[in-house]
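A.B. asks: My questions will all concern the structure given below.
The values are calculated or read from the model by the stated rules, or taken from the named source; none is laboratory data. For clarity, every value in this text was computed on a predicted model and none was experimentally measured. Using ideal geometry, Cβ is built from the backbone for each residue, glycine included, and neighbour counts are taken over all protein chains shown. Calculation scope for accessible area: heavy atoms of the full protein, side chains included, ligands and nucleic acids excluded. Shrake-Rupley method; radii C 1.70, N 1.55, O 1.52, S 1.80 Å.
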Amino acid sequence: MEHLNDTAKKWLNLSNTERILKCKEQLWIGYPRALQVLDKLEDVLDHPKSLRMPNMLVIGETNNGKTVLVNRFVSKHKHYIRETDNSLILPVLLIQAPPRPDEKRFYNSLLDNLGAVYKFNDHIDKKQYQVMRLLERMETKVLIVDEFHHILAGTPSAQRVFLNVIKYISNELQISIVGAGIKDAYYAINADPQLGNRFEVASLPSWKPDDDFLRLLASFERLIPLGQPSNLIREELAMKIFTMSDGKLGEISTIIKKAAILAIENGKEYIDTKVLGAIDYIPQSKRKNQLNQVGF
Ligand SMILES: Nc1ncnc2c1ncn2[C@@H]1O[C@H](COP(=O)(O)OP(=O)(O)OP(=O)(O)O)[C@@H](O)[C@H]1O
Ligand SMILES: [Mg+2]
């Protein structure tokens, strides 16, 4: 069972149904680029308070690991009660940008994530005050805004107001802002040049068929509880997975997990090109044609 890590080896003792559930769980693979970006986020967190706090923009194509990565960072810096004074400390706060740049919704979302009690109809100034005091009291150092590109879904003036809110929070409290999103997030932030040049861009590029990709496949193989080695890094298998996935991490993960489930169900216990060909999977590029095919 040398093809599996210790945890996956233990899972081999589970029933097929339980093993299939394991295949569906969210996995974490610390691939090199993710580790580099996590290190950068640590640097941002460690930065002492200053008039010019470092900010970051994590940019990548859709379905390529941004949300998983920022959640990983958050899980390493969970809230805790400080023993010396019994204060609740929240080093990192993660929220999603509202679907449109809407100041009120943004404050509501911050208040919800801070576990605050507020009235929906409270005046925006009151909400702002409440957010600022809570972030201050909880000594929050980094505010992460996922889906940052949602800002572009508003009028230029709504975008400006929203960026000013971000700037205000960052300046007033001297906390760092981390935006995550597709490349439009870069354009969104650069609509305000002053803000734009305060953000360092960290990209999560799509995968190429190189050694990093092979290492990624090898990592998946070690985590997926199949009884036999698949040797996913074999050229024909690796290239098939690469072509099917179009180099998107989410697709690579879906393909391998679906293939593993099929290999458990049919008793084969390893993945080969036949299994890959038999999974119920439509490549992302062809998915938009699905509605046409069912007559819409
Ligand atoms: N580090 C990782 N290890 C293993 N699988 C991962 C990792 N990161 C992402 N994935 C897989 O890729 C999928 C997509 O990741 P994620 O949701 O983070 O993408 P995203 O870039 O935020 O996409 P979107 O732009 O659509 O929000 C995840 O559901 C997971 O299956
Ligand atoms: Mg995401």
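A.B. asks: Go through Glu200, Glu251, Glu265 for me and flag whichever is over 23 Å from Glu2 (Cβ atoms) and in the same structural domain as Leu163 (by TED's automatic domain parsing).
C.D. replies: So the residue among Glu200, Glu251, Glu265 that is over 23 Å from Glu2 (Cβ atoms) and in the same structural domain as Leu163 (by TED's automatic domain parsing) is Glu200.
A.B. asks: Restricting to region 88-107, and then to whatever is modelled with pLDDT of 95 or more and over 20 Å from Asp184 (Cα atoms), can you tell me which residue is surrounded by the most Cβ atoms within 10 Å (Cβ to Cβ)?
C.D. replies: Tyr107
A.B. asks: Same structure, new question: Test Asp146 against the criterion of being over 30 Å from Glu2 (Cβ atoms) and at pLDDT below 95, and give yes or no.
C.D. replies: Answer is no for this residue.
A.B. asks: Also: For region 179-200, does any single residue satisfy the condition of being under 21 Å from the mean Cα position of the chain (by Cα), within 30 Å of Lys248 (Cβ to Cβ), aromatic (Phe, Trp, Tyr) and open to solvent by 70 Å² or more (accessible area, probe 1.4 Å)?
C.D. replies: Within region 179-200 (the criterion being under 21 Å from the mean Cα position of the chain (by Cα), within 30 Å of Lys248 (Cβ to Cβ), aromatic (Phe, Trp, Tyr) and open to solvent by 70 Å² or more (accessible area, probe 1.4 Å)), the answer is yes, since at least one residue qualifies.
A.B. asks: Which condition breaks for Pro32 when tested against (1) within 16 Å of ligand 2 (Cβ to nearest atom); (2) closer than 30 Å to Ser285 by Cβ?
C.D. replies: If we test Pro32 against (1) within 16 Å of ligand 2 (Cβ to nearest atom); (2) closer than 30 Å to Ser285 by Cβ, just (1) comes out false.
A.B. asks: Something else about it: Among the residues in region 232-248, are any closer than 21 Å to Arg33 by Cβ and within 16 Å of ligand 2 (Cβ to nearest atom)?
C.D. replies: Within region 232-248 (the criterion being closer than 21 Å to Arg33 by Cβ and within 16 Å of ligand 2 (Cβ to nearest atom)), the answer is yes, since at least one residue qualifies.
A.B. asks: When you scan region 39-144 for strands (runs of 3 or more DSSP E) that lie fully inside it, which ones turn up with 2 or more residues that are in contact with a strand residue (DSSP E or B) (Cβ under 9 Å, 6 or more places away or on another chain) and more than 16 Å from ligand 2 (Cβ to nearest atom)?
C.D. replies: 80-82, 87-89, 92-96
A.B. asks: For region 179-220, what are the residues that are under 17 Å from Val58 (Cβ atoms) and part of a helix (DSSP H, G or I)?
C.D. replies: Asp184, Ala185, Tyr186, Tyr187, Ala188, Ile189, Asn190, Leu195, Gly196
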